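Visitor: Supplied in structure tokens, the structure appears directly below.
The values are calculated or read from the model by the stated rules, or taken from the named source; none is laboratory data. The structure presented is a predicted model; accordingly, all values stated were derived computationally and were not measured. Because the Cβ atoms are built from the backbone with ideal geometry, glycine has one as well, and the counts that use them run over all protein chains shown.
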Amino acid sequence: MSRKLSPPCAPPSADGEIFLESTPSGAGGKFYDEWQRASQTGYTRHFYPWWWDANYRRKIEVVKFTEEEIELIRRHGLDPGQIAFRREMRANYRNRAREEYAEDPRAASWLPAIASSIPILSSSA
């Protein structure tokens, strides 16, 4: 499904903000264009990885971690429940897991906002 980016109804006041949020759609479209030219338009890019959502955990014990998982634990402080969730999502979503549950802004094809990892462009006017 294609989604269009609409400008705000009225310009923001001096103390207002604009937030643009996207869902996955690949490397193209209005949000992608805005994301790419954010530094030229005054927007600030924000990326929220899936593990910031406390619900994305499983209550099973992971006893052996891959090198990639060890790196996530070291760099981002993920716990075994989050690693178990990650494994489940990768098993269920297969090739789309990196897009649907992105771990950095470059992970999801180009990085449109992901179902649970939401990039947002914001601007203070």
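Visitor: Would you mention how many residues in the stretch 35-61 are closer than 17 Å to residue 76 by Cα and of a type in the set (A, V, I, L, M, F, W, C)?
Guide: Selection size over the stretch 35-61: 5.
Visitor: On to the next question. State all residues of the stretch 14-59 that are in contact with a Gly (Cβ under 9 Å, 6 or more places away or on another chain) and at pLDDT 90 or above; if no residue qualifies, say none.
Guide: The answer is 51, 56, 57, 58, 59.
Visitor: Consider residue 62 against the criteria (1) assigned to a loop (DSSP other than H, G, I, E, B); (2) at pLDDT 95 or above: it satisfies all of them except one. Which criterion is unmet?
Guide: (2)
Visitor: State whether the residues of the stretch 99-107 include one that is at pLDDT below 55, of a type in the set (Ser, Thr, Tyr) and within 22 Å of residue 30 (Cα to Cα).
Guide: There is no residue in the stretch 99-107 that is at pLDDT below 55, of a type in the set (Ser, Thr, Tyr) and within 22 Å of residue 30 (Cα to Cα).
Visitor: If you go through the stretch 69-87 one residue at a time, how many are loosely packed, with under 15 Cβ neighbours inside 10 Å and within 14 Å of residue 102 (Cα to Cα)?
Guide: Selection size over the stretch 69-87: 1.
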